[in-house]
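What follows is a single structure, written as structure tokens, with notes after it.
We did not get these values from a lab; they are worked out from the coordinates using the rules stated. Values in this document were obtained by computation on a predicted structure and should not be read as measured data. Here the Cβ positions follow ideal geometry from the backbone for every residue, glycine too, while neighbour counts run over all protein chains shown.
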Amino acid sequence: MSVFDPQFNADALLARLEASSGLIVACYCAQWCRSCTEYRPAFDALAARWPQHTFAWIDIEESPELLDDEDVENFPTILMQSSRGNVFFGAMLPHISHLERLIERFDETAPAAEQGPGPLRALLSATT
């Protein structure tokens with residue numbers, strides 16, 4: 001599965017979010033960020049390994065509305081959402097193995113995270 005970028009394929013991302021029941025894994029980044037540029041190929045490879053989940057690459061300067069009222073101070077910042085809501089939102093070291101472990105250890109019964117943007121599908125719907 002490819003990584004969706006709402007700047008270029010918002011309609012495809014919205015269709016995927018409406019049809020999928022897997023995790024949503026969004027990486028908030030910035031085009032000028034060297035760490036993000038180096039992280040992207042590994043993020044793409046991770047998305048290919050887990051086609052049941054939806055992966056999105058969101059440039060905070062091009063799509064700030066997809067952050068809701070949240071701020072990003074460090075890159076990469078990861079958002080994971082399930083059908084229950086946010087399950088993780090925060091900065092992560094730019095080592096894909098950290099995100100990989102987070103996805104592998106995801107537990108549907110774990111409590112939802114209180115911080116983070118609202119549902120990505122709703123935020124995206126409001127902009128398209």
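How do Asp69, Asp11 line up, fewest other C-beta atoms within 10 Å first?
Asp69, Asp11
Could you work out [θ]222 nm for the chain from helices alone, using -39500 (n - 2.57) per DSSP H run of at least four and dividing by all its residues? Round to the nearest 500 deg cm²/dmol. Numbers along the way, then the final one.
Values: 4 runs with 47 residues, N = 128.
Calculated from helices alone, the mean residue ellipticity at 222 nm is -11500 deg cm²/dmol.
Explain nothing, just compute: Karplus ³J(HN,Hα) = 6.51 cos²θ - 1.76 cosθ + 1.60, θ = phi - 60°, for every residue of region 43-59 in order, whole Hz, x for Gly and Pro.
So the J values, rounded to whole Hz, are 5, 4, 5, 5, 4, 5, 6, 10, x, 6, 9, 9, 10, 10, 10, 10, 7.
If you compute mean projected area of the Cα convex hull in nm² for the structure shown, which of (1) 6.9; (2) 8.1; (3) 9.8 do you land on?
Matching entry in (1) 6.9; (2) 8.1; (3) 9.8: (1).
How high is the relative contact order of region 1-127, in percent, counting Cα pairs under 8 Å that sit 6 or more residues apart? Let's see the in-between values first.
Details: 214 pairs, mean separation 37.2, N = 127.
Averaging sequence separation for qualifying contacts and normalising by length gives 29 percent for region 1-127.
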